[in-house]
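For reference, the structure discussed in these notes is given below.
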Amino acid sequence: MDLSELERDNTGRCRLSSPVPPVCLKEPCVLGVDEAGRGPVLGPMVYAICYCPLSRLEDLEALKVADSKTLSESERDRLFAKMEEDGDFVGWALDVLSPNLISTSMLGRVKYNLNALSHDTATGLVQFALDQGVNVAQVFVDTVGLPETYQERLQQRFPGIEVTVKAKADALYPVVSAASICAKVARDQAVKNWKFVEKLQDLDTDYGSGYPNDPKTKAWLRKHVDPVFGFPQFVRFSWRTAQSILETEAEDVKWEDSETGDQEGPGKIKSYFSESPQTCLRLPHRYFQERGLESATVL
């Protein structure tokens, strides 16, 4: 899977897709939708679709696709490679949403919550398949939120298509299982090959599971939080776990109209503009390096 576009710029989103099998342009097709990486505080979220003709659904089932969470990484890679080999009747597409895009969407002035972002991304991928000429007759979706509400919304958006939204759809419908495998393979690769634009000292790539309740993930977050600039762009800073660490490990911002007093110390932003053992422990943040700025010893 070629994720070079994401590796060049991992601050937004990117879409990848297979060639559309010619048979999918003619015969009625079934399409599955699923995601990987919705819950972690680290790395991107990936939405994927997989589709094939209804007449070849048994051939897809014969690959023994299953919910990606029940498969090992090597099994997922093998099944994705097999789907690529069967490109004469199986097609896929995916949307990779960066941590930066997720967090800025959720914390923007106009709130755009994760459910809405998920729904719109899934809808966009179904529309992408239609725009590519895929003859979509049925859509199966692993739900986000209430399945009845989600299904009604999708059915209104695509009135000519039979839509089914279910909880645990990735374990119920092989075409959704196939989509979940595509999404998980892409996310695993994106996390493994993540390009850090920040020059981090002693970068530890053992992130743990990436989920907020993982002690190893929490330790990684504490190690790589900058007291002024916060987290690398690999982190979803809108997650409560990240916000809690910022509150305890980073410095407060004191505005001009705040009652701050005259005392300076490790809790004041101004302390980072003077030389001290504390400030010499870290390399300058990339904000300063990119602008050729150095710390001033006298204000």
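Looking at this structure, is A93 under 21 Å from L16 (Cα atoms) and among the aliphatic types (A, V, I, L, M)?
yes
Among the residues of region 111-125, is there at least one that is assigned to a strand (DSSP E or B), farther than 24 Å from L6 by Cβ and of a type in the set (D, E, K, R)?
No, every residue in region 111-125 fails to be assigned to a strand (DSSP E or B), farther than 24 Å from L6 by Cβ and of a type in the set (D, E, K, R).
So, of the residues in region 224-280 that are modelled with pLDDT under 85 and of a type in the set (F, W, Y), which turns out to be most open to solvent (accessible area, probe 1.4 Å)?
That would be W255.
Hey, could you check region 157-179 for residues that are in contact (Cβ under 8 Å) with a residue 60 or more places away in the chain and touching a Phe, Trp or Tyr at 6+ places or on another chain (Cβ under 8 Å) and say which is surrounded by the most Cβ atoms within 10 Å (Cβ to Cβ)?
Top of the filtered list is A179.
Could you say whether any residue in region 204-222 is out of contact with any Lys or Arg (no Cβ under 6 Å at 6 or more places or on another chain), at pLDDT below 90 and within 14 Å of S98 (Cα to Cα)?
no
Taking region 96-110, which residues are within 24 Å of V126 (Cβ to Cβ) and open to solvent by 10 Å² or more (accessible area, probe 1.4 Å)?
L101, S105, M106, listed by residue number.
Do you know which of the residues in region 66-82 that are in contact (Cβ under 8 Å) with a residue 60 or more places away in the chain and closer than 18 Å to M1 by Cα is surrounded by the most Cβ atoms within 10 Å (Cβ to Cβ)?
Only one residue tops the list, namely S68.
Residues checked against (1) modelled with pLDDT of 95 or more; (2) closer than 22 Å to R76 by Cα; (3) buried (at least 21 other Cβ atoms within 10 Å of the Cβ):
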| position | (1), (2), (3) |
| --- | --- |
| R8 | no, no, no |
| T11 | no, no, no |
| V20 | yes, yes, no |
| V23 | yes, no, no |
| V33 | yes, yes, yes |
| Y47 | yes, yes, yes |
| D59 | no, yes, no |
| K64 | no, yes, no |
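Would you mind stating whether V197 is of a type in the set (V, I, T) and modelled with pLDDT of 85 or more?
no
Yes or no, residue by residue, for (1) open to solvent by 10 Å² or more (accessible area, probe 1.4 Å); (2) in contact with a Ser or Thr (Cβ under 6 Å, 6 or more places away or on another chain); (3) part of a loop (DSSP other than H, G, I, E, B); (4) modelled with pLDDT of 95 or more:
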position	(1), (2), (3), (4)
E84	yes, no, no, no
L94	no, no, no, yes
Q127	yes, no, no, yes
V139	no, no, no, yes
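For region 188-223, which positions are without any contact (Cβ under 8 Å) to a residue 60 or more places away in the chain and either under 15 Å from the mean Cα position of the chain (by Cα) or under 22 Å from R8 (Cα atoms) (or both)?
K192, F196, L200, L203, D204, T205
In region 180-205, what residues are touching a Phe, Trp or Tyr at 6+ places or on another chain (Cβ under 7 Å) and either assigned to a helix (DSSP H, G or I) or surrounded by 17 or more Cβ atoms within 10 Å (Cβ to Cβ) (or both)?
The answer is I181, C182, A183, V185, W194.
When region 179-213 is examined, which residues are found to be out of contact with any helix residue (DSSP H, G or I) (no Cβ under 6 Å at 6 or more places or on another chain) and on the phi > 0 side of the Ramachandran plot?
D202
The values are calculated or read from the model by the stated rules, or taken from the named source; none is laboratory data. Just so we're clear, the structure is a prediction, and the values are computed from it rather than from any experiment. Virtual Cβ from ideal backbone geometry, glycine too; neighbours counted across all protein chains shown. Only protein heavy atoms, including side chains, enter the accessible area calculation; ligands, DNA and RNA are left aside. Shrake-Rupley method; radii C 1.70, N 1.55, O 1.52, S 1.80 Å.
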